[in-house]
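Structure record follows, encoded as structure tokens.
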Amino acid sequence: MNASPAAPLDGITVVDISSSYAAPTASLYLGDMGAEIIKIEPVRGDDARGWGPPFLNGEAAWFLSVSRNKKSLCLDIRGGEGREVLFRLLETADVFIENLNPAKLERHGLGPDALRERFPRLVICALSGFGMDGPDAALPGYDLIAQARSGMMSVTGDDGVPQRVSTALSDVAAGTVAAYAIAAALVRQQVHGVGEVIDVSLLDADLAFMSPRIASYLAGEPEPRPCGGTDSVLAIYQRFPTSDRPIVVAVGNDRIWLRACAALGLDELAQRPDLATNAGRRERRDEVVAAFETVLSAMASEEALKALQEAGVPCARINSLSEVVDDPQVAAREAIVSQVHPRAGVFRGVGSPWHLGSQTSRAPRLPAPLKGEHGREILKAAGFDEDRIAALAEAGVVWIP
């Protein structure tokens, strides 16, 4: 019987000193691809361990959601001894991930230039709010700040009131972008033996999400305002009321327009030359939307969805989270994965947003680590004997549970 094929990043070692959610998302995805992730936490533990409620037997759900397939070492890198331990780990690592303020990096001797000189083969990825250069490089950044500065909030919300997208969008976006860039840099590292410095910011990641809106504005489109998602470049690409709950309908091209009109009995609209193209429908958006609202508001959501789906019109109900986790398509795709944590018990969360043909199971190889759980194992693998580990613990450089 043939052994299971190795995961794409099997044999790659990542040292991750980041905290919070964005940079840990990058190492999460690398770990899901098979890399060994050494998560270096402060002696007090990652800040995200306290991000709750909810807690499962003291373990924060937010932390658990981004920490599978990782090993934890608690290390104080502020002093010389701690940095030497870190450098020992970097000698055999392929990737180094950090999200420290650029000024703090230099203070700790971890600036990219110094690291590249010492470890020329290392792929170094720095995540921050605003990037490693520019007038605001030193400013702290969080998801909320990036959503505001990128313009995302200016087009989100209703009745002209800006609103944050209510999830850690910037963090997950930046972490995903970082994982992609790291994987690309690893290809060159493995082929040519050279490292890279990757600079990813929350602001840049959110600007990528805003790319079509910014491009439209720069091409002469009027500056948009929050309007409940009804100002898409497509005319009919929004939510509609039905008799019991709202749904969304997306008319992505002229063929779908004709199918939608047929499904809803709006034959008169389908026959009008002035509505035959999206440009024409946009010009008469209020009229078109009103016609759809009149029909859909008199229908139950299931009736409306059935009619539209049978006609090949993209549409969906707006699921609550309780409906999302029980969605048959989500279940069929095994998008929700379980890990058995030694303290939290069974924890369910979202798995990686991809499927590999060689992947026989989406279950995590390792549950999220307890604070410092693998410290002794990691240090021994790096060549530290028991006496040295004990001395480092006594000096407060490491914390071993």
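For this structure, a couple of remarks:
- In the range 251-262 there is no residue matching the filter, namely being crowded, with 20+ Cβ neighbours inside 10 Å, in contact (Cβ under 8 Å) with a residue 60 or more places away in the chain and part of a helix (DSSP H, G or I).
- Candidates THR294, THR277, filtered to the one that is open to solvent by 50 Å² or more (accessible area, probe 1.4 Å), among the β-branched types (Val, Ile, Thr) and free of Cβ contacts under 8 Å to residues at least 12 places away in the same chain: THR294
- Any hit, the range 143-153, residues being among the small types (Gly, Ala, Ser) and more than 15 Å from ARG225 (Cα to Cα): yes
- The residues of the range 211-257 that are under 29 Å from the mean Cα position of the chain (by Cα), within 25 Å of GLU303 (Cα to Cα) and of a type in the set (Val, Ile, Thr), listed by number, are THR230, ILE236, ILE247, VAL248, VAL249, VAL251.
- Criterion: of a type in the set (Gly, Ala, Ser), over 26 Å from SER27 (Cα atoms) and open to solvent by 50 Å² or more (accessible area, probe 1.4 Å) - qualifying residue of ALA390, ALA363: ALA390
- Filter pass, GLY193 being closer than 30 Å to VAL123 by Cα and touching a residue at least 12 places away in the same chain (Cβ under 8 Å): yes
- Residues that are under 21 Å from GLY31 (Cα atoms) number at least 1 in the following helices (runs of 4 or more DSSP H) confined to the range 69-122: 80-91.
- Enumeration of residues in the range 270-286 that are in contact with an Asp or Glu (Cβ under 9 Å, 6 or more places away or on another chain) and among the hydrophobic types (A, V, I, L, M, F, W, C): LEU275, ALA276
- Meets criteria (open to solvent by 20 Å² or more (accessible area, probe 1.4 Å), within 19 Å of LEU186 (Cα to Cα) and of a type outside the set (S, T, N, Q)) for ASP10: yes
- None of SER243, SER216, SER232 is open to solvent by 60 Å² or more (accessible area, probe 1.4 Å) and free of Cβ contacts under 8 Å to residues at least 60 places away in the same chain except SER243.
The values are calculated or read from the model by the stated rules, or taken from the named source; none is laboratory data. The model shown is predicted, which means the values in this text are computed figures rather than measured ones. Please note: Cβ atoms are built from the backbone with ideal geometry, for glycine as well, and neighbour counts cover all protein chains shown. We work out accessible area using only protein heavy atoms, side chains counted, and drop any ligands, DNA or RNA first. Shrake-Rupley method; radii C 1.70, N 1.55, O 1.52, S 1.80 Å.
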